[in-house]
Amino acid sequence: MRVGYPEMSHSFSPTVTKVTRHEGEKIMFNHYRLPTVRSSVVALVIGAALLSSGVAIADDRRIAFDIPAETTAAALNDLATQADIHLLFPYDAAARTSAPALKGTYSIDEALALVMAGAGLEIAEQKDGSISLRVTAGKDDAATEVIVTGSHIRGGNPTSPVHTVTRADIDASGYSQIGDVMRSLPENFAGGQNPGVLAASNSNIANMNITNASTMNLRGLGSDATLVLVNGHRLAADSSFQGADISVIPLSAVKRIEIVPDGASALYGSDAVAGVANIILRKTFNGAEVSARLGTTTQGGGAEQTYSLLAGRAGTTGYVMLNLEYAKQDAILAGDRAFASDVASDATLIQPQVRRSAFVSLGRDLTDTVSVSLDALVSDRDTTYLNHMYRDYPGYTGWAYTPAFSVTAMADVALSGGWKAHITGGVAGSRNSTGISSYGVDYPSYNTNHLEYIEATADGTLFSLPGGPLKVAVGGGVRTEGFQQNFRGSPSLLTPSRQVDYVYLEGQVPLIAPSSDRTGLHALELNLSARIEHYSDFGSTTNPRVGIRYVPFNDLTLRASWGQSFKAPSFLQMYQAVTLALYKPGILGGSNDGSIAMLVYGGNTDLKPETSTSWSLGADYAPARMPGLTLSLNLFNIDYTDRVVQPINPLTASLSNPQFEPFLKIDPATVTVETLVANAYSLDNYSGLTYDPNKVSVIIYDNYQNATAQTAHGVDLGYRQHFTLAGGALDAFANATWLHLEQQTIATQPKVILSGTIFNAPEFKARGGVTWQKGGLSLSGIVNYLGEETDTGVTPNHAIASWTTVDTHLAYNFAGRSGYARDLKLALSVSNLLDRDPPYAPSPALFYEGLAFDSTNASLIGRTVSLTLTKGW
C-alpha cells in the first residue's frame, strides 16, 4: 500500500486506523548531554536539510488510470501507485466500502472523487505531492502521522506480515489494560514479566512476576527478543530482565497496535529478533472526554477502578493533546479461589496495584516545510504482596514501586524533489524499587534502566525505473543504554553501559509496474535493506534483509522475506551476581534422602551475542467480489544461534531428565560447595533443613549460557470480514498461530521440543469473534482457545487440558443526542463469561504448594464483570 506523511499544517480530524509507517527508531536525549552522532550521519542529514525545499503547487496532471472494481482501500492504494503520490487515508473505513472500476484519463482530483464516492471520505489536505483523507464526520485522531511498521520508506509496502489491532478491536475486547490486549494475541506468549505469572514457574527466572510489569514475548522467544516501540520510538527496559514494560501506557491513549512477527534487526536493530510491536498513540483530539470503569471478579477479589481524562485541540497549524489515567486493582488471594484451596489462604496470587500515567503530545508547523512535535509519557506503579509458598513455613511480604518516563522530540523537514528528513531525539528511563521483608528484616533492591538516542532519516525517490520510482530511506544514529543494580541494600553491583552506533539503508525497487492487463503478473516489487551496527562491548555486525511483494492479480498479494538478526546479551545475563538456593532433591526430580540440592543462578561474562536467520512466506487475499473480506496466511521460521538461556526447564525434572546431566555436579567436594557459598551474593534455604555443606549431594548449574540452537517455525492464519446483518453492520475476525519451538542446549544433546510444554509457548493458540453494530448499539462476542499442553515436570508426564474462554462486550453510544446524553457511551464487559478455571497441571505445586496450574498460559482470575461510562464534550 502507498501511504505518506501529511505535512503538519493539514487540518486534523477523524480516526485514521490504517497501518502507517514507522519513521525509524526514535531517539533519546541523554540526561546530561546529547550523544554525538557519527560525522557521516550528521553530514548526510544536514546536507539533505540544506537542500532547497519545495513549495506546494497544484497537481493538474492528467493520468491514464487502470483500477479494477475492488475495496475503496485497495483502489486508493492503486491510485496512489499509478499517480506516484503519497496518500494517507483511514484504512478500516475505506476497507468497508467498494469502489467502481476506473479506466481512462483523469486528473488526480477527478480520480479521487470517483474512487471515494460513497465511502464517507473527504480530502483533509492536499500539499506538495501528498494528500490526506479523513472520515467525513467525527472529531478524533486526524491523519497526523504515517507509520507503516516494517519500513522506513513513506508509502512502502511491507513484505513482512503486519497484524493490526485497531481501536475498535480494543474496545470490543472489553479489556482495561494494554497488557491484557497483548497477551490475548495468538502470536504472543503470556509468559515473561507479566502479572499473574507466579513463582511456581521459576524454571526460568525471567518468567517470574517481579514488578507487575507487562511485556511482549512474540513466538515465546523471550521478552528481550521482541522490540517494543511507542509511536515508533523505543522505551527503556524494565527491571533487571531488560524487557520493555507496556503497562505504563494508558489504554485510553492507544489508537492502534501494529505487530510485525518477523525478524527485523535490519530495520530496527537489536532486540527485534522475534519481531516488533509498535503501539501508536492518539495524537490529535478536538474536545474532551472523561471515562470511568468499575469492575470486579465473581469469585472474589480483584476489584478494579480506572479513571481517565482525554482532552485536546487540533487546528490547521498544530495540535496539543493530554491524556491522564489512574487505575487501582485489588489483590486476589488464594483464599478467594476454590481451585487453590491447598495454597496458604493469605498468599497473593494476583498482586494489587495502583498505576498513574500521563501522556502529552503536541506539534506545530514552524514554516511550510518544517514542523516539530513532542511526545512525553510518564507513569508510576506500586504494588505489595505476600509470597507464601509453603503452608508450614511463614511467607514473606514483597513490594515494588516503578516510576518510568519517555520524552521524544521530533522534527520533519520537507526537501526538494519530494524528499523528507525526519530527526528524532529523546530519553527514557525506568526505576524499579523492589524488596522483600522476611523475619522482620527488609531486603530492598533497586534496578535502573536508561536509554538515550538520536537518529536521523531521509527518504524519497532516487530515480525512476520502467516499473516505477526507486524509493530509498537512509539514516543512522547513536543509542546509549545503561543499567544499575543495587541488590538487597548492598553497594551497587552492576553499573554497565554500552553505546551502539548504526547506519541503515532501505530501498524499494519496482520491478514491474502495476497493470490489470497482465493476468498473473499485476505487480512485482523488491525491498532491500541492511543495517551496520557497532557495539562498544561486542564490536560490529551487519544485518541484511530481502523482501519480495508479488501481486499476480488485484485480489491477491504474495510476500516473502529473508533476513538476519543480532542481539547482544542483556546486562543482567552477563553481570548478575551468583545466587544460590537450597531444596530437597525430591522437588527437583530426585529422592528425599535427607540431603540437599544446591541450585546456582547468575550471570556469565563469557556469553556470546545471539544471532538468527529468519524467513517468512505469506499471502493476503481480498476478493473484489466480496468487499470487506480479507484472508491472510503466513509461514515463518526463526533459526536462533547462541541463544542465551537458563538450560534447565522445568526445574522439577533437573535430577530425573538425562538431558540435564551436563549441568549437574553429583556428590561435589565440600570445598567446592564452600567456595560457591563464599563467592555467592546470597543463599536462600527452601529445603527446610539446616544448611550443612556436607549434606549437599548435587549442584545444579542453571546460570545463563549460550544454547547451541533454538528454532521456531509455524503458521499464522487471519480472517476479517465486514457485511450487513439484521439491518446492522457485522464485523467478524479470527486469528490463530501454530508454533513448533525446539532447543538444543549443547551439541552433544538431542533437540528438545519446548512448545506445548509447561511454562513455554503453546503449540496452538487462537482467538476469534464477531461485533454487531446498529445505530449506537454494539454487541461483541470473542472466543479464546489455548491448545493442550504437556506437564514435563513430573514423571510420567501429565497431559494438560485445552482451555477455552468467552468474552462479551455490550455498549451503547448516545451519539447525536442532546443535553446530558450527548457523546455519552455506556459499556458492559464480561471476561471469561463461563468462569473457566485454569486446567490442572501437577508440577507447579512441587514448588508452590497447592498451586497446580501453568500460570504462564492460563489465568486464575475467572469471570470479570465491568461497567464503563464515557462522556465527551
* **Matching residues in segment 467-497 - criterion: being of a type outside the set (A, V, I, L, M), modelled with pLDDT of 95 or more and surrounded by fewer than 21 Cβ atoms within 10 Å (Cβ to Cβ)** => Thr480
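Residue by residue, here is whether (1) on the phi > 0 side of the Ramachandran plot; (2) in a helix (DSSP H, G or I); (3) surrounded by fewer than 16 Cβ atoms within 10 Å (Cβ to Cβ) holds:
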position: Asn649; (1), (2), (3): no, no, no
position: Thr652; (1), (2), (3): no, yes, no
position: Leu655; (1), (2), (3): no, no, no
position: Phe660; (1), (2), (3): no, yes, no
position: Thr672; (1), (2), (3): no, yes, yes
position: Thr675; (1), (2), (3): no, yes, yes
position: Ala678; (1), (2), (3): no, yes, yes
position: Gly688; (1), (2), (3): yes, no, yes
* Examine segment 504-517 for a residue that is open to solvent by 60 Å² or more (accessible area, probe 1.4 Å) and either at pLDDT below 95 or at positive phi (or both), and state whether such a residue exists. => yes
* To do: Please work out which residue is surrounded by the most Cβ atoms within 10 Å (Cβ to Cβ), limiting yourself to segment 843-859 and to residues that are of a type outside the set (S, T, N, Q) and in contact with a Gly (Cβ under 8 Å, 6 or more places away or on another chain).
  => Pro844
* Please indicate, with yes or no, whether at least one residue in segment 808-822 is crowded, with 21+ Cβ neighbours inside 10 Å and under 24 Å from Gln299 (Cβ atoms). => yes
* Looking at segment 322-340, which of its residues are open to solvent by 30 Å² or more (accessible area, probe 1.4 Å), of a type outside the set (A, V, I, L, M) and within 31 Å of the chain's Cα centre (by Cα)? -> Tyr326, Lys328, Gln329, Asp330
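Any residue in segment 736-745 that is within 30 Å of Thr71 (Cβ to Cβ), without any contact (Cβ under 8 Å) to a residue 40 or more places away in the chain and either surrounded by fewer than 17 Cβ atoms within 10 Å (Cβ to Cβ) or not basic (Lys, Arg) (or both)? So that I can check it myself, show each step before the final result.
Here is the first cut: in segment 736-745, the ones within 30 Å of Thr71 (Cβ to Cβ) are 736-738.
Still in the list and also without any contact (Cβ under 8 Å) to a residue 40 or more places away in the chain: 738.
Filter once more, keeping what is either surrounded by fewer than 17 Cβ atoms within 10 Å (Cβ to Cβ) or not basic (Lys, Arg) (or both): 738.
Yes, the conditions are met somewhere in segment 736-745.
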* To do: State which residue is farthest from Phe405 (Cα to Cα) when the search covers only segment 439-462 and only residues that are buried (at least 22 other Cβ atoms within 10 Å of the Cβ) and under 21 Å from the mean Cα position of the chain (by Cα).
  => Tyr453
* Structure fact -> Residue count, segment 719-772, condition assigned to a loop (DSSP other than H, G, I, E, B) and among the β-branched types (Val, Ile, Thr), comes to 4
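Say we look at segment 98-131 and pick out the residues that are of a type in the set (Val, Ile, Thr) and part of a strand (DSSP E or B); which of these is modelled with the highest pLDDT? Quick ask: steps written out before the conclusion?
Quick first cut of segment 98-131, residues of a type in the set (Val, Ile, Thr) only: 105, 108, 115, 123, 131.
Subset that is part of a strand (DSSP E or B): 105, 123, 131.
Values: Thr105: 86, Ile123: 78, Ile131: 83.
Here the residue is Thr105.
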* In this structure, does Gly718 turn out to be closer than 27 Å to Pro623 by Cα and surrounded by fewer than 19 Cβ atoms within 10 Å (Cβ to Cβ)? -> no
* **Given (1) under 24 Å from Lys608 (Cα atoms); (2) hydrophobic (A, V, I, L, M, F, W, C); (3) open to solvent by less than 10 Å² (accessible area, probe 1.4 Å), index of the condition Ile532 fails** => (3)
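Return the residues of segment 419-436 that are open to solvent by less than 30 Å² (accessible area, probe 1.4 Å) and either under 30 Å from Phe487 (Cα atoms) or outside any strand (DSSP E or B) (or both); say none if nothing qualifies. Break it down into steps so the answer makes sense when it comes.
The first filter runs over segment 419-436 and keeps only residues open to solvent by less than 30 Å² (accessible area, probe 1.4 Å), leaving 420-422, 424-430, 432-435.
Correct list: Gly426, Val427, Ala428, Gly429, Ser430, Asn432, Ser433, Thr434, Gly435.
Results for (1) without any contact (Cβ under 8 Å) to a residue 60 or more places away in the chain; (2) touching a Leu at 6+ places or on another chain (Cβ under 6 Å); (3) open to solvent by 10 Å² or more (accessible area, probe 1.4 Å); (4) at positive phi, shown as yes or no for each residue.
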| residue | (1), (2), (3), (4) |
| --- | --- |
| Arg381 | no, no, no, no |
| Met389 | no, no, yes, no |
| Ala409 | no, yes, yes, no |
| Leu465 | yes, no, yes, no |
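The values are calculated or read from the model by the stated rules, or taken from the named source; none is laboratory data. Predicted, not measured: the structure shown is a model, and the values here were computed from it. All Cβ positions, even for glycine, are placed from backbone atoms using ideal geometry, and neighbour counts span all protein chains on display. Heads up: the accessible areas ignore ligands, DNA and RNA and are worked out on the full protein's heavy atoms, side chains in. Shrake-Rupley method; radii C 1.70, N 1.55, O 1.52, S 1.80 Å.
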